[in-house]
Amino acid sequence: MTRRSSTKPPVESSFIPAAGGLLDWRDAQHYDRWQTRSCALCEKPTPLHSRAGEPAHKACAEDWIAANPIEARLDRFASDARPKQRRDDHHA
């Protein structure tokens, strides 16, 4: 019997915003309501973290992507995948 993993699939590089773009971190997985840790970039406390669990403010991660466009392709900070909209999802 094959066991299904409850973890999300790895982030695809296409979800890394262009320099100056905004990350989509709407998923609750990015927020830890019980613990704050030091941001990996500015060292100030934050309840936010990347998909990989690295503590970081969203604004700090976006600034890092803008300053490090080559390294940003290695998925250190990436947006969540957006579900595809269905064609019949139109509301009048």
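Can you bin region 14-57 into rounded, prolate or oblate? Criterion: square roots of the alpha carbon gyration tensor eigenvalues sorted a ≥ b ≥ c, rounded for a/c under 1.5, prolate for a/b above b/c, oblate for the rest. Present the calculation step by step, with values, prior to reporting the outcome.
Numbers: a/c = 2.51, a/b = 1.49, b/c = 1.68.
Oblate, because a/c is 1.5 or more while a/b does not exceed b/c.
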With DSSP loop assignment and no more than 15 other C-beta atoms within 10 Å, the trypsin sites (Lys or Arg not before Pro) in region 39-84 are Arg73, Lys84
Residues whose built amide H sits under 5 Å from the amide H of Arg37, excluding neighbours closer than 5 in sequence, are Thr46
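Taken together, the values in this text are just the output of simple stated rules run on the coordinates, not laboratory data. The shown structure was predicted, so the numbers you read here are calculated from the model rather than taken from an experiment. Heads up, the Cβs are rebuilt from the backbone with ideal geometry, glycines too, and the neighbour counts pull from every protein chain shown.
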